[in-house]
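Down below is the structure, laid out as structure tokens.
The values are calculated or read from the model by the stated rules, or taken from the named source; none is laboratory data. Since this is a predicted model, take the numbers as computed values, not measurements. FYI the Cβ positions are ideal-geometry reconstructions off the backbone, even for glycines, and counts take in every protein chain you see.
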């Protein structure tokens, strides 16, 4: 399996090369040259693997899906990495991603059982083990530069803390995360973890990561890699739980399901797109946004219009306070028939010069829904409060603000003949202020996180300046 850049760079690379690289040299994102196809017979085999009890389960399913894309790690090693990652001890349940039934044909897929209580753990725990494995194989080190709007940062840091050969430099928007999210990250005192609070919004952080990654000399000299969902390995790991959700919601391989995904950076739902392209019977992929509705605007109108920092709303579902969805380029690449020259013109030129592009008049735009299954919707703070309250009163279940966005939008796209699965985003304790506003009570707090907000914090604040971040990396690259 070889990988190419969405912007047309001539090189073709294998999985472990792009695992450590992140962005392609031309600023594009990596995708496989082709999507492996899962026919009915193979789907049945994967179902048997997932339901295989002691000899199967989520880890075994992960190996089967990942091995379709990874041919430069021996099968025995990849099996061991999956078995090490997806355990009941780490996720608190043998099912790893159990479905929670709300009502007939309407489910939540629990993705927040990992160490940091957010869906990002599902991929990040594997990524940490993959990084450590490959770096040891090469005898190299890696400096991870990432950006987070909330959950990616803590998931990456918990996955990488103490890992040999890895340092993490994580950018976050100063004051824009919930107190719990900040405490999760900033209370880590591991020497290989560096938190940098940027004066700005998430998109400023993400722009710095991309700018540094595009400076090839600096990137190579200081071994810069990324854990954001621009890293194909992370997105690939997320594909697995679409298969797991499908198998739990259906009893035969001819049935279809739909997924609703709270989405800001388009990584989580892009994994669903990959699963659908592989042949998983997904009828509809519903993109749920908050007030920062860049993606909803595109799927309604064909206009992709990036907002300025001053026009990016600070909301009660802060992990989606994003106005520049970096993974969206992967989907547009497929939408445009893998025309890399056109993708480069749109993302490398038009967005830089005009902050927008428009595909509404292009015949391919209709295919976003008809051929690729995408629809969308948005949710507001008032919607979140109402949805959290309704879900608790009807089902006795407390959901977080991002999952509430998903539930609200999912209900607008229900088809009684097709099960709908909403991907749970995080546990509600991470956004307790809004839960109290909606329910008048604090959400449950796992014992290991009691008093986390009062712990000492280690974080460095700096302006949204690429050179300042580069200087900081250079200064701390000698840290053990």
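Name the one entry in 102, 43, 111, 23 that is over 30 Å from residue 215 (Cα atoms) and surrounded by 23 or more Cβ atoms within 10 Å (Cβ to Cβ). Steps first, please.
Working: 102 fails: surrounded by 23 or more Cβ atoms within 10 Å (Cβ to Cβ); 43 fails: surrounded by 23 or more Cβ atoms within 10 Å (Cβ to Cβ); 23 fails: over 30 Å from residue 215 (Cα atoms).
It is 111.
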Note to self: Can you list the strands (runs of 3 or more DSSP E) lying wholly within the stretch 64-175 that have 1 or more residues being at pLDDT below 95?
What the structure shows: 142-147, 166-173
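Quick check on residue 188: is it buried (at least 20 other Cβ atoms within 10 Å of the Cβ), under 27 Å from residue 449 (Cα atoms), touching a helix residue (DSSP H, G or I) at 6+ places or on another chain (Cβ under 9 Å) and touching a residue at least 12 places away in the same chain (Cβ under 8 Å)?
yes
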Check: Among the residues of the stretch 211-224, is there at least one that is within 29 Å of residue 63 (Cβ to Cβ) and surrounded by fewer than 23 Cβ atoms within 10 Å (Cβ to Cβ)?
Finding: yes
Next item on the list: Tell me, please, whether a residue that is over 26 Å from residue 243 (Cβ atoms), without any contact (Cβ under 8 Å) to a residue 60 or more places away in the chain, buried (at least 24 other Cβ atoms within 10 Å of the Cβ) and in contact with a strand residue (DSSP E or B) (Cβ under 7 Å, 6 or more places away or on another chain) can be found in the stretch 135-145.
Entry: no
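Being part of a helix (DSSP H, G or I) and surrounded by fewer than 24 Cβ atoms within 10 Å (Cβ to Cβ) narrows it down to one residue among 197, 183; which is it? Spell out how you get there, then give the answer.
Values: 197 fails: part of a helix (DSSP H, G or I).
Unique residue meeting the criteria: 183.
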Note to self: If residue 440 satisfies all but one of (1) touching a helix residue (DSSP H, G or I) at 6+ places or on another chain (Cβ under 8 Å); (2) farther than 19 Å from residue 186 by Cβ, what's the number of the condition it fails?
What the structure shows: (1)
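Give the stretch 79-100 a look and list any residue that's within 20 Å of residue 426 (Cβ to Cβ) and in contact with a helix residue (DSSP H, G or I) (Cβ under 9 Å, 6 or more places away or on another chain), or say none. Step through it out loud before you land on a result.
At the first step, the residues of the stretch 79-100 found to be within 20 Å of residue 426 (Cβ to Cβ) are 85-86, 90-93, 95-100.
Within the stretch 79-100, 85, 86, 90, 91, 95, 96, 97, 98, 99, 100 meet the criteria.
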Checklist line | Among (1) buried (at least 22 other Cβ atoms within 10 Å of the Cβ); (2) under 26 Å from residue 427 (Cα atoms); (3) touching a strand residue (DSSP E or B) at 6+ places or on another chain (Cβ under 9 Å), the one test that residue 15 misses | finding: (2)
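Identify, from the list 365, 347, the residue that is crowded, with 21+ Cβ neighbours inside 10 Å and assigned to a helix (DSSP H, G or I). Please lay out each step first, then the result.
Values: 365 fails: crowded, with 21+ Cβ neighbours inside 10 Å.
So the residue among 365, 347 that is crowded, with 21+ Cβ neighbours inside 10 Å and assigned to a helix (DSSP H, G or I) is 347.
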Check: How about the stretch 369-475: which helices (runs of 4 or more DSSP H) wholly inside it have at least 2 residues that are over 30 Å from residue 336 (Cα atoms) and under 20 Å from the mean Cα position of the chain (by Cα)?
Finding: 401-411
